[in-house]
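The values are calculated or read from the model by the stated rules, or taken from the named source; none is laboratory data. Since this is a predicted model, take the numbers as computed values, not measurements. Here the Cβ is made from the backbone with ideal geometry for all residues, glycine too, and neighbour counts use every protein chain on show.
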Amino acid sequence: MTILMPEPDQSVLARRDEIIAALRKIVPGEGVISSDAEMKPYESDGLMAYRQPPMVVVLPSTTKQVSEVLRYCHQNGIKVVPRGSGTSLSGGALPLADGVLLGLGKFKRIREIDFDNRAVVVEPGVTNLAISQAVDHAGFYYAPDPSSQIACSIGGNIAENSGGVHCLKYGMTTNNVLGCEIVLMTGEILKIGGKAAECAGYDLMGVITGSEGLLGVITEVTVRILRKPETARALMIGFTSVEAAGQCVADVISAGIIPGGMEMMDKPAIHAAEAFVHAGYPLDVEALLIIELDGPQVEVDELIGRVEAIALGCGSTTCQISTSEQQRLLFWSGRKAAFPAVGRISPDYLCMDGTIPRAQLPLVLRRMNEMSEKYGLRVANVFHAGDGNLHPLILYDANKPGEQDAAEAFGADILKLCVEVGGVLTGEHGVGIEKRDLMPEMFSDIDLNQQQRLKCAFDSEGLLNPGKVFPTLHRCAELGRMHVHKGQLPFPDIPRF
Amino acid sequence: MDTLKVRDAQEVEDAVRAAIANEQPIEIVGHGSKRTVGQPMATNAVLELSALNAVTAYEPNELIITVQAGAPLADVLSLIDSKNQHFAFEPMDTAALLGTAPGAGTVAGMIGAGLAGPRRIKAGGARDHLLGANAVSGFGESFKAGGKVVKNVTGYDLCKLLAGSWGTLAVMTEVTLKVTPRPESERTLVLRGLGDVAANKAMTAALGSPYDVTGAAHLPGSALRTTAGALAEIAQPDQSLTLLRLEGITSSASHRAQSLRTALKSFGDAELIEDDASAALWRGVRDVEPFAASGPRALWPVWRIVCPPAAGGALGEQLSRESGGEVIYDWGGGLIWAALPPAADGHAKALRQRVEKIAGHASLIRGSDAVRAAIDVFHPQPAGLAALGSRVKRSFDPSNILNRGRMSRGSAT
Ligand SMILES: Cc1cc2nc3c(=O)[nH]c(=O)nc-3n(C[C@H](O)[C@H](O)[C@H](O)COP(=O)(O)OP(=O)(O)OC[C@H]3O[C@@H](n4cnc5c(N)ncnc54)[C@H](O)[C@@H]3O)c2cc1C
């Protein structure tokens, strides 16, 4: 393990039995898990190279229990790591040796469906897909659709501000949530927002979304639902160069078209996917675009024609257009299964998640190929092409000495490159532990201090999910200190008011 | 009143540091077009950002624009318009409502105020379009939030806090915003003579339809009586207008307008208004023209109420009946603008009682100095949330230097 976690607090570990007994009083029965065997499934999340058994697992089923657990932990200086379904790819739900792992899996109820206000109120353990399924009969759905949607929880989606293939047009999680109930580390329960479009005061919902479980534990969520588009059709377009495919994406956007989805795969990804699901992908192309148009039939038909013409103009060599729902899903099947498909051709893989200005794509791919040679590791690429979000998959074998370290170094180089060309470290998977130590690539100490000051407003003792997101932990008192002193004006020439 | 006009981000930092050292709160101003919104501020020193007015980078293909904080909104809008793009959240122009100079207003002022227009129901608000910012905190430090790409989850999303914070957290010096293609065509369906509750039902049906409605507004006849402009031109005496907008490529907008018209038959026979004429109507709604400061209701306080959309009609009807005031509805009922007859508290107490019953909130956007000093301009929050809000404020501005007291009465000292 190359990432250091905060030093376990021995005084907490020494009190483990007492702490477990106290937690059992709050959450009775099977809600507290403390045997090594039973805690095993909670040792890691989707970033499986990292494992750590927690001190104890607690699975509350009411907000009151969450509040009491947090209050107890706050009073006793015990760290807490929230967990939804454990599909995070950045290690956000990695337990701490001296911490409580607080699983929200029992919060499974859909509390209210309000079609008139186009809102659904759910508990945080409800899966992303279950929300769409619950409103499907009336022709509605919940728009953000991470590929993990059958498993990941809405609470985890809020914490990570998750995206999906449709977020170019319909937004990320943050653009589709209206409110939540959150429990602070002190045990205080707060209701933020609701069915109205905006909450009063500062946009706390906005900053809680994407806060990776560091600000509070979400115990209820109100999401916005949309009517399903009348129809959707997809084009599957092949190019002999990534540059040409990239040009096609740019031309579609500059023609004023924002497709429902616009995904790109490079040759290794195409081959892996085709071998796995037999979607009929062309194997002699360097890049494949899947572009989906959705909306009323007349609109979709017309835009399909426009996109096809743009693709031809960019030198596409193959172009298939779906004529049935079955065919559209077939086009997507390879893209949606890209991660497991790559999993079949390599014992292990690391999934990266940087975003770049789209114009930099050819450069970034060229540099990635050079890195691939340098590290002696293969890479397959899938992209959310419309918004420049790359998912390079680095193939390696953890059983070969040195390969995991090499893969991680390769991944870090890719992310540094993303920042260098004007992009960011993560487009949708979050920082977690995986990108934590790269944060200084993108943010100065001052930037990070400001973010951590905000953390202090929610969790002054730093007990909630410490060791994630921020490379260095500071005490709140230190962060809050003002370094400007009266009488010592740094800039004496500024006119006094 | 002392005004310091800064020319670059470094000068902003210097000025804020000097203010901190001297314990001198400062008011942050762009063009000053919205200075009358909020609690009266406890300061007589002004930091003016209008000279930070450059467009740093505009990349239509990347769907982003980066501008300095004080860039004039009107100029930026025409720049992106020249590439057939727009800010999808349709920022309102407050000039008519507040009675300030037409066309005034900076980009950062628009973000700080966070007043989105009719398309918010589909495209979100200012907060959904602010991708990144450079700002100077009340620690006197320049920090960066977010990034310059459309998709980013690296670190806390501080941009969300800056949007709608009325300059109380940090002084933005540069912002990156998402731009999107402007729709090719627009169509508006007009239903006449519906009562508020029936209109609310019609808008709810339209927004729950698959026809992708991007504007849903209702203007009662009495509110239109004294209006000038495009809305007045299509209005009949004492008859309400319910407007539903469809946008997109021409074939699609027309097709959906026809389908929606059929779907709403039970509410009446809708008329169709196209393109420029349609756009003029929505500008009127966006800018709350019926309550313009140049009109007969100039002295009436104007409230902005945000509530669950399907509950808006009943609330608005009750408010206007009880107070003798006027209301208009946007966002399918989720946004109510209420102009109420003058009163010492601007009707704050009675209005908020009603609004809270349906889990909404209300801010006074236009009001005399005396009324604004006497009441909470922004909706008071429950104790726990208010306390968290002040902790958030202190985490950016511990000595309460920036726009002191503008957002909450308690913090004036
Ligand atoms: C095969 C696969 C495909 C994926 N595809 C996508 C994709 O397309 N797009 C995308 O964005 N992501 C994707 N992911 C990543 C992952 O699914 C998302 O980040 C998801 O939102 C995590 O949800 P979870 O319930 O599993 O959260 P967890 O992994 O359990 O936790 C994630 C983080 O959220 C915090 N957390 C969880 N619940 C709560 C709560 N109730 N309150 C406070 N904090 C909480 C945790 O502390 C942790 O920091 C994929 C993952 C896999 C394995």
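Annotations
- Among (1) surrounded by fewer than 20 Cβ atoms within 10 Å (Cβ to Cβ); (2) within 26 Å of residue A:50 (Cβ to Cβ) - the single one residue A:396 does not satisfy: (1)
- Residues of the range A:33-56 satisfying the condition of being more than 28 Å from the chain's Cα centre (by Cα) and either part of a strand (DSSP E or B) or not acidic (Asp, Glu) (or both): A:34, A:35, A:37
- All positions within the range A:57-83 that are aliphatic (A, V, I, L, M) and in a loop (DSSP other than H, G, I, E, B): A:59, A:78
- Among the conditions (1) outside the structural domain of residue B:87 (by TED's automatic domain parsing); (2) surrounded by fewer than 24 Cβ atoms within 10 Å (Cβ to Cβ), the only one that residue B:203 does not satisfy is (2).
- Only residues that are outside any loop (DSSP other than H, G, I, E, B) and within 13 Å of another protein chain (Cβ to nearest Cβ) were counted across the range B:330-356, and they come to 9.
- Of the residues A:148, A:90, the single one that is in contact with a His (Cβ under 6 Å, 6 or more places away or on another chain) and farther than 30 Å from residue B:202 by Cα is A:90.
- The range B:5-71 holds strands (runs of 3 or more DSSP E) entirely within its bounds, and those carrying 2 or more residues that are over 21 Å from the mean Cα position of the chain (by Cα) map to B:45-48, B:55-59.
- Flag for residue A:291 being crowded, with 22+ Cβ neighbours inside 10 Å and within 30 Å of residue A:118 (Cβ to Cβ): yes
- Residue within the range A:234-241 that is away from the ligand (no atom under 11 Å from the Cβ), over 19 Å from the mean Cα position of the chain (by Cα), among the hydroxyl-bearing types (Ser, Thr, Tyr) and not assigned by TED's automatic domain parsing to the domain that holds residue A:59 present: yes
- Counting only helices (runs of 4 or more DSSP H) that sit wholly inside the range B:167-270, those with at least 2 residues that are at the interface with chain A (Cβ under 10 Å from one of its Cβ atoms) are B:196-207, B:250-263.
- Within the range A:144-176, the set of residues being more than 6 Å from the ligand (Cβ to nearest atom), under 18 Å from residue A:335 (Cβ atoms) and within 13 Å of chain B (Cβ to nearest Cβ) comprises A:144, A:165, A:166, A:167, A:168, A:169, A:170.
- Scanning the range B:113-141 for residues that are small (Gly, Ala, Ser) and facing another protein chain (nearest Cβ under 7 Å) returns B:124, B:125, B:137, B:140.
- Within the range B:105-114, tally of residues that are touching a Pro at 6+ places or on another chain (Cβ under 8 Å) and surrounded by fewer than 24 Cβ atoms within 10 Å (Cβ to Cβ): 0
- Restricting the range A:364-384 to residues that are in contact (Cβ under 8 Å) with a residue 40 or more places away in the chain and of a type in the set (D, E, K, R) leaves a set whose member that is farthest from residue A:332 (Cα to Cα) is A:367.
- Selected residue [in contact with a Cys (Cβ under 6 Å, 6 or more places away or on another chain) and facing another protein chain (nearest Cβ under 7 Å)] from A:200, A:196: A:196
- Residue satisfying condition, being in contact (Cβ under 8 Å) with a residue 60 or more places away in the chain, over 30 Å from residue A:422 (Cα atoms) and within 11 Å of chain A (Cβ to nearest Cβ), within set B:25, B:60: B:25
- Residue within the range A:99-107 that is buried (at least 23 other Cβ atoms within 10 Å of the Cβ) and within 28 Å of residue B:125 (Cβ to Cβ) present: no
- Being away from the ligand (no atom under 11 Å from the Cβ), within 14 Å of chain B (Cβ to nearest Cβ) and basic (Lys, Arg) holds for only one residue in A:118, A:111, and it is A:118.
- Out of A:188, A:123, sole residue that is at pLDDT 95 or above and surrounded by fewer than 21 Cβ atoms within 10 Å (Cβ to Cβ): A:188
- Note on the range A:324-348: among residues that are assigned to a helix (DSSP H, G or I) and charged (D, E, K, R), the one that is nearest to the chain's Cα centre (by Cα) is A:336.
- Among the residues making up the range A:79-96, those that are more than 17 Å from residue A:353 (Cβ to Cβ) and either more than 8 Å from the ligand (Cβ to nearest atom) or not assigned by TED's automatic domain parsing to the domain that holds residue A:154 (or both) are A:79, A:80, A:95, A:96.
- Residues of the range A:396-446 satisfying the condition of being within 13 Å of chain B (Cβ to nearest Cβ) and among the aromatic types (Phe, Trp, Tyr): A:443
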